[in-house]
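Here the structure comes first, spelled out in structure tokens, and everything after it is commentary.
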Amino acid sequence: MNSNHEDFDDETIRKAEESVERFLKNNYKDIRTVDFEKGDYSTPMGGMVISGIVNNNKEATFSIGIDYQSNFRVGSISEGNEFPEIKEECKERTCDY
């Protein structure tokens with residue numbers, strides 16, 4: 001399996017993580033901290049995925065697919081069991097980030 005440095009450079013990873021953190025804090029309730037998992041950022045199809053936890057809760061996990069070629073927009077999200085709720089105003093459409 002490829003390492004993240006073979007697929008994505010440090011600057012790309014940094015920009016993706018910044019975008020993910022803004023997305024989470026702007027669209028979900030009570031997100032105080034975002035901790036990113038280090039490792040392989042590539043998907044089998046060549047995309048980019050950023051994973052981690054929020055609020056130091058190991059059950060509040062996330063895995064977010066990033067479109068790194070289109071301004072680091074969030075394409076998809078998978079949430080763990082104790083992930084915070086989405087903000088009411090962000091349910092119908094994604095809030096800006």
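The values are calculated or read from the model by the stated rules, or taken from the named source; none is laboratory data. Keep in mind it's a predicted model, so treat the numbers as computed, not measured. Ideal geometry is used to build each Cβ from the backbone, glycine not excepted, and the neighbour counts take in all protein chains shown. Ligands, DNA and RNA are excluded from the accessible area calculation, which covers all protein heavy atoms including side chains. Shrake-Rupley method; radii C 1.70, N 1.55, O 1.52, S 1.80 Å.
Things to note:
- Here region 60-90 is the region considered, the condition is being touching a residue at least 24 places away in the same chain (Cβ under 8 Å) and among the charged types (D, E, K, R), and the residue that is most open to solvent (accessible area, probe 1.4 Å) is GLU85.
- Among the residues of this structure, LYS38 does not count as one that is out of contact with any helix residue (DSSP H, G or I) (no Cβ under 6 Å at 6 or more places or on another chain), of a type in the set (Lys, Arg), modelled with pLDDT of 95 or more and open to solvent by 50 Å² or more (accessible area, probe 1.4 Å).
- Checking each residue in region 60-88 for being among the polar types (S, T, N, Q) and in a loop (DSSP other than H, G, I, E, B) picks out GLN69, SER70, ASN71, ASN81.
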